[in-house]
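Have a look at the structure below before the remarks.
The values are calculated or read from the model by the stated rules, or taken from the named source; none is laboratory data. Every value quoted in this text rests on a predicted model; they were computed, and no experiment measured them. With ideal geometry, Cβ positions are generated from the backbone for all residues, glycine too; neighbour counts draw on all protein chains shown. Heads up: the accessible areas ignore ligands, DNA and RNA and are worked out on the full protein's heavy atoms, side chains in. Shrake-Rupley method; radii C 1.70, N 1.55, O 1.52, S 1.80 Å.
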Amino acid sequence: AQTVTQSQPEMSVQEAETVTLSCTYDTSENNYYLFWYKQPPSRQMILVIRQEAYKQQNATENRFSVNFQKAAKSFSLKISDSQLGDTAMYFCAFIPFNAGKSTFGDGTTLTVKP
Amino acid sequence: DAGVTQSPTHLIKTRGQQVTLRCSPKSGHDTVSWYQQALGQGPQFIFQYYEEEERQRGNFPDRFSGHQFPNYSSELNVNALLLGDSALYLCASSFRLAGQDTQYFGPGTRLTVL
């Protein structure tokens with residue numbers, strides 16, 4: 001069974017600054033995907049970024065980037081130039097390749113302060 | 001391009017009743033997964049449907065059942081409702097092809113059991 005741990009229940013950051021959210025996972029699988037999802041107060045879960053475990057290069061999407069350390073089973077999310085609209089709960093998720101059964105962490109509530 | 005839609009938005013039931021939630025996947029998607037999200041927690045995987053069959057199942061009792069229709073839409077049924085079934089129920093769709101396991105979420109159905 002897979003587990004996903006987000007050790008920071010709450011974080012805050014000043015607008016325009018950079019923040020990093022942590023995620024660790026445990027699995028015996030070798031091929032899998034990792035995701036960060038954002039859930040604003042309206043509750044619609046939105047995909048932020050995706051990483052394939054077989055790729056060494058860290059994924060980047062505009063202001064969002066990840067630091068994927070496969071050996072350490074670590075998958076952190078860096079948000080640069082934080083904006084007020086980034087305020088949300090962020091979930092780290094794991095999916096084994098071709099298995100479809102996702103495992104989510106319990107989330108980190110991020111507040112961006114003006 | 002229509003995203004994932006769910007109905008109803010909110011639902012109030014009493015203990016022992018039965019409930020049916022509905023989901024229409026994103027255009028082009030053929031796989032539907034259901035999740036239960038308790039307040040302040042991450043989504044918990046219930047099951048996944050592909051080609052009208054249940055392909056994966058999480059640790060949920062048989063009171064939770066589902067169905068997928070030929071048009072890929074899906075239903076989640078919960079029988080003999082318990083107070084603990086109160087949660088946000090999320091539907092996610094994806095395209096079941098190797099390397100295409102990114103799931104897109106609907107807005108959810110908020111179920112309250114009294």
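Of all residues in segment A:10-39, those that are in contact (Cβ under 8 Å) with a residue 24 or more places away in the chain have Cβ atoms under 6 Å from Cβ atoms of residues that are among the basic types (Lys, Arg) and outside any strand (DSSP E or B), 6 or more apart or on another chain, in A:Thr24/A:Lys73; A:Tyr25/A:Lys73.
Residue by residue, here is whether (1) more than 9 Å from every other protein chain (Cβ to nearest Cβ); (2) surrounded by 15 or more Cβ atoms within 10 Å (Cβ to Cβ); (3) within 28 Å of B:Thr31 (Cβ to Cβ) holds:
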| site | (1), (2), (3) |
| --- | --- |
| A:Lys38 | yes, yes, yes |
| A:Ile46 | no, no, yes |
| A:Ala53 | yes, yes, yes |
| A:Phe68 | yes, yes, yes |
| A:Lys73 | yes, yes, yes |
| A:Gly85 | yes, no, no |
| A:Ala88 | yes, yes, yes |
| A:Thr108 | yes, yes, yes |
| A:Pro114 | yes, no, no |
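Would it be correct to say that B:Gln68 is within 11 Å of another protein chain (Cβ to nearest Cβ) and touching a strand residue (DSSP E or B) at 6+ places or on another chain (Cβ under 7 Å)? Spell out the reasoning first.
Details: within 11 Å of another protein chain (Cβ to nearest Cβ): no; touching a strand residue (DSSP E or B) at 6+ places or on another chain (Cβ under 7 Å): yes.
It is false that B:Gln68 is within 11 Å of another protein chain (Cβ to nearest Cβ) and touching a strand residue (DSSP E or B) at 6+ places or on another chain (Cβ under 7 Å).
Evaluated against (1) touching a residue at least 40 places away in the same chain (Cβ under 8 Å); (2) in contact with a Leu (Cβ under 7 Å, 6 or more places away or on another chain), B:Thr102 falls short on exactly one condition, (1). The set of residues in segment B:43-59 being closer than 16 Å to B:Leu111 by Cα and facing chain A (nearest Cβ under 9 Å) consists of B:Pro43, B:Gln44.
Identification of strands (runs of 3 or more DSSP E) wholly contained in segment B:15-114 with 1 or more residues that are open to solvent by 10 Å² or more (accessible area, probe 1.4 Å) and closer than 22 Å to A:Phe35 by Cα yields B:31-37, B:44-50, B:53-57. Against the condition within 13 Å of the chain's Cα centre (by Cα) and either open to solvent by less than 80 Å² (accessible area, probe 1.4 Å) or at pLDDT below 90 (or both), how does B:Pro8 come out, does it pass? Criteria met by B:Pro8.
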